[in-house]
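Read the structure below first, then the notes.
Nothing in this text is a laboratory measurement; each read-out follows from the coordinates by a stated rule. Please read these numbers as outputs of a predicted model, since none were measured by experiment. Cβ sites come from the backbone with ideal geometry, for glycine too, and all protein chains shown count toward neighbours.
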Amino acid sequence: MNGELPLIIECRCNEIAYRGDNPALPYSPKEIVREAVRAWEAGASIFHWHGRDPATGDPRNDVELYLEVIQGIREQTDLLIHPTLGYITQNQIEDRVRHILAVNDDPVLRVDMAPVDFGSLNVDFWEPQAKQFSSYDQVYVNTRENLRAVLEVFKKHNVYVSSICWDVGQMRTARCFQEMGLLPQDTLWEFVFTGEVMPAGATPNIYGLQAFIAEVPRDNQWLVLCWNGDVMRVASWAITMGGHVAIGLGDYHYSRFGKPHHGELVEMVAKMAHTLDREVATPAQAREILKMAPRPQLANKAVKLA
Ligand code: ZN
């Protein structure tokens, strides 16, 4: 275990969630950069976001929307940049990676990592009161053919991959791609737990976490996130068991705290780490922990920890 390593905190600011009554859920590039800076000031070292229509919040793949966020983050922080892949039907790999490859030859703007989900899922929402699903046909498709294609692109262009696993079978699948030489040995394993309304992922309890940890290769790093559910309890176990944590309004509304912004959410995890006697990683430390080369930095502001 790596319990002595500082804690990497990733901020996941918007995903496909809509704003509701919390103005801190960002759509436009300016709003996304604002939340990135807040998260960074509170101790986040990785920032993940989805391109959204600035007015409606609908999913958008425009390279320009991603570029504006990347430039804004690079100008103001030294965060590790981790955009999503394009929201595209599965056979158009070039459209899923266009925004990543667009900046890949620029030593400053180049993204630090890109996510790959290692399997397909039924993603209809469960309605616990009504005891029914809100739909019965929503599938997030990630065929192994598409996994192979996107991993070949990332290998060719030397893009660091974060391995997103919703269950242990997806981890085992990812390890097969490691054996094929398409997924590098160094990857950040992101364990996806899910709340009650999204029974497609792992249950956020200690048994679910142990099942994931059992599959992690020696010396690899892992983190926990909770989609459509509260990550705090599983975060406490990750902090004490040597893992890392991702949190954000994209995953869950956290309305029990009012209308928190990302600085406040990240600060809660950072404080939990301090309480449990674990340091919080700076972005530079996170790069080292993930075995990435140091990067040219535009910002030299000190990270302000709570
Ligand atoms: Zn995402």
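Figures for the structure shown
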quantity	calculated
Overall Cα dimensions of the chain - principal axes, largest extent first, Å	50, 45, 42
Relative exposure of Ser134, Ser162, Ser45, Ser120, judged by other C-beta atoms within 10 Å (fewest first)	Ser134, Ser120, Ser162, Ser45
Unit charges on C-beta of K, R, D, E only; dipole of the chain, Debye	360 debye
Amide H contacts under 5 Å for Phe125, placed H, 5+ residues apart	Ser134, Ser135
Helix-only mean residue ellipticity at 222 nm for the chain, each DSSP H run of n ≥ 4 adding -39500 (n - 2.57), per residue, nearest 500	-10000 deg cm²/dmol
Charge-dipole axis of the chain as Lys and Arg at +1 and Asp and Glu at -1 on Cβ define it, positive-most pick from Val153, Leu225, Val108	Val108
Region 71-115 - percent relative contact order, Cα under 8 Å, separation 6 or more	47 percent
Dipole-positive endmost among Ser134, Pro23, Ile93 within the chain (Cβ charges, Cα centre)	Pro23
Under-30-angstrom lysine pairs by C-alpha in the chain, whenever the two are 8 or more apart or on separate chains	15
Around Val168: net Lys/Arg minus Asp/Glu count, Cβ-Cβ under 11 Å	0
Residues Ser135, Ser28 arranged by fewest to most Cβ contacts within 10 Å	Ser135, Ser28
Fluctuation leader among Ala235, Ala214, Ala149 - the chain, Gaussian network, Cα springs under 10 angstrom	Ala214
Low-density loop positions, trypsin sites (Lys or Arg not before Pro), region 1-96 - DSSP coil, at most 16 other Cβ in 10 Å	Arg19
For region 75-145: Kirkwood Rh in Å [reciprocal of mean 1/r, alpha carbons]	14.9 Å
Sorted by Cβ neighbour density within 10 Å, fewest at the top, the residues Ile289, Ile73	Ile289, Ile73
Percentage relative contact order, the chain, counting C-alpha pairs under 8 Å, at least six apart	27 percent
Inter-part distance where region 202-227 and region 44-109 are each reduced to a Cα centre, Å	26 Å
Candidates per trypsin sites (Lys or Arg not before Pro) in region 167-222, loop by DSSP, up to 16 other Cβ within 10 Å	Arg218
Inverse of mean 1/r across different Cα pairs in region 28-129, Kirkwood, Å	14.7 Å
For region 1-150: relative contact order, % (alpha-carbon pairs under 8 angstrom, 6 or more apart)	17 percent
